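This report refers to the structure that appears directly beneath it.
The values are calculated or read from the model by the stated rules, or taken from the named source; none is laboratory data. Model, not experiment: these values are computed from the prediction. Note: ideal-geometry Cβ built from the backbone for every residue, glycine included; neighbour counts use all protein chains shown. What goes into the accessible areas is simple: the full protein's heavy atoms, side chains included, and nothing from ligands, DNA or RNA. Shrake-Rupley method; radii C 1.70, N 1.55, O 1.52, S 1.80 Å.
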Amino acid sequence: MTILAIETSCDDTAAAVVRDGDVLSNIISSQEIHNQYGGIVPELASREHVKGIVPIVHAALQEARVSIESVDAVAVTYGPGLAGSLLVGAHFAKGLAMRFAKPLIPIHHIEAHVYSGYLEEPDLVYPSICLVVSGGHTSIFHVKDVSTFEVLGSTKDDAAGEAFDKIAKLVGLGYPGGPHIDRLAGFGNAQAFNFPRGLFYDQNYDFSFSGLKTAVRREVEKLRSIGDDLPINDLCASAQTAIVDVLVSKTMRAIDTLGIGAVVIAGGVSANSELRTRMSAAAAQRGVTFVAPRLDYCIDNAAMIANVAQLRYGNTMSNAAQLNNLDFTVSPKALRA
Ligand code: KG4
Ligand code: ZN
């Protein structure tokens, strides 16, 4: 089964071709235009998708050496995300499906992140625990099987990536802030500042990062008011460790409490080097399998959208023909599929 997938939920225009689990192409075009505004401007995001979608889909088909006629189904993200961005991808996919008479499979974006560990490691067993950490989401999932998963907990305020981005801005670094903080933290002392670890001791799977952001802002204001140069590396190292401490501790709490043998991390923040190292060490200590998908399967991408379509309908292509659901609407807010 050959699936062409399209993903435009936020600020990346992405298309991929996946055949029987093999990723033949996975094209991601990140919209640079937002960097100058220090965050994503929704109206600009949808306009950039309009400009990018035709060349990106073309590039995905070309790299895969697949013609649109030979594709068996089109899959597309229906939510959650920015309404305008989702609409561009969904309407383009509907047009393609209609014009070429292909089944159209709407896929939930977070669900695609949740199953991205199985894109990297097709033999990964169920059940698993998956931590999805991005600029928009921070949640822990109990993945029970190919079609069943449960949200164990989520952030009560900012997402972890949002915290990275806001803290980077406070100390004068560019957007997106996560990669800058990751790099500079390597030169800093993580014990220099004792920043708060939100909900660390709460016996649940929820997160809170707004207190950390406020604490960093107060520290920066204090240092500036006494005329000191900002110890940027130490601030980055201390803030990063505060974030990673809670991410690892809550994820391992799920592993230990539910007795699960595999852990997956996904979403843009899962690129963070301290998170990868410490989650890997915590998993090894427990004899638990650890999967951190390659970066282009972690960030927003269309291969993960095709993957869920394949997992669900790969063996039942005849059913996919009945999935020609051109009436679905985008759903900007839904956390759960
Ligand atoms: O999944 P993603 O590409 O887009 C969505 O938010 O949906 O994630 C982007 C987020 C940004 O907040 C960015 O700062 C963060 O991922 N990020 C990182 C790193 N690379 C990207 N955060 C920490 N360390 C990194 N190395
Ligand atoms: Zn995402």
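Among the residues of the range 187-206, are any surrounded by 15 or more Cβ atoms within 10 Å (Cβ to Cβ) and in a helix (DSSP H, G or I)?
The answer is no, given that none of the residues of the range 187-206 is surrounded by 15 or more Cβ atoms within 10 Å (Cβ to Cβ) and in a helix (DSSP H, G or I).
State yes or no: is Ser134 under 28 Å from Asp11 (Cβ atoms), within 14 Å of ligand 1 (Cβ to nearest atom) and in contact with a Gly (Cβ under 6 Å, 6 or more places away or on another chain)? Lay out the reasoning, then the answer.
Numbers: under 28 Å from Asp11 (Cβ atoms): yes; within 14 Å of ligand 1 (Cβ to nearest atom): yes; in contact with a Gly (Cβ under 6 Å, 6 or more places away or on another chain): yes.
So Ser134 passes the test.
Cβ-Cβ below 9 Å, separation at least six or inter-chain, first residue in the range 256-277 and on the phi > 0 side of the Ramachandran plot, second open to solvent by less than 60 Å² (accessible area, probe 1.4 Å) and of a type in the set (S, T, N, Q): which pairs?
Within 9 Å, the pairs are Gly267/Ser116; Gly267/Ser134; Gly267/Thr138.
Can you tell me how many residues within the range 162-176 are acidic (Asp, Glu) and more than 8 Å from ligand 1 (Cβ to nearest atom)?
Total satisfying the criteria: 0.
If Cys130 meets every condition in (1) within 17 Å of Val308 (Cβ to Cβ); (2) away from ligand 2 (no atom under 14 Å from the Cβ); (3) assigned by TED's automatic domain parsing to the domain that holds Ala262; (4) modelled with pLDDT of 95 or more apart from one, which number is that one?
Every listed condition holds for Cys130 apart from (2).
Quick check on my filter: what residues within the range 244-287 are crowded, with 18+ Cβ neighbours inside 10 Å, over 22 Å from Gly198 (Cβ atoms) and away from ligand 2 (no atom under 15 Å from the Cβ)?
Matches in the range 244-287: Ile260, Ala262, Ala283.
For the range 180-188, does any single residue satisfy the condition of being in contact with a helix residue (DSSP H, G or I) (Cβ under 6 Å, 6 or more places away or on another chain) and within 16 Å of ligand 2 (Cβ to nearest atom)? Lay out the reasoning, then the answer.
Step one: of the range 180-188, the residues in contact with a helix residue (DSSP H, G or I) (Cβ under 6 Å, 6 or more places away or on another chain) are 180-182, 184-185, 187-188.
Okay, now just the ones that are also within 16 Å of ligand 2 (Cβ to nearest atom), so none.
No, the range 180-188 has no match at all.
Being under 22 Å from the mean Cα position of the chain (by Cα) and among the aromatic types (Phe, Trp, Tyr), is that true of even one residue in the range 185-197?
No, because not a single residue in the range 185-197 is under 22 Å from the mean Cα position of the chain (by Cα) and among the aromatic types (Phe, Trp, Tyr).
Please work out which one of (1) outside the structural domain of Asn26 (by TED's automatic domain parsing); (2) surrounded by fewer than 24 Cβ atoms within 10 Å (Cβ to Cβ) is the condition His91 fails and give its number.
His91 satisfies every listed condition except (1).
Taking the range 209-236 as the search range and keeping residues that are assigned to a helix (DSSP H, G or I) and of a type in the set (Asp, Glu), which one is farthest from Ala160 (Cα to Cα)?
Residue satisfying both the conditions and the ranking: Glu221.
When you scan the range 237-255, do you find a residue that is farther than 19 Å from Ala160 by Cα and modelled with pLDDT of 95 or more, even just one?
Yes; the residues of the range 237-255 include at least one that is farther than 19 Å from Ala160 by Cα and modelled with pLDDT of 95 or more.
Kindly indicate which of Ala93, Ala14, Ala45, Ala5 is under 20 Å from Pro332 (Cα atoms), within 15 Å of ligand 1 (Cβ to nearest atom) and at pLDDT 95 or above.
Ala14
Please verify whether Leu131 is within 28 Å of Leu199 (Cα to Cα) and either in a loop (DSSP other than H, G, I, E, B) or of a type outside the set (Val, Ile, Thr) (or both), treating the condition exactly as stated.
yes
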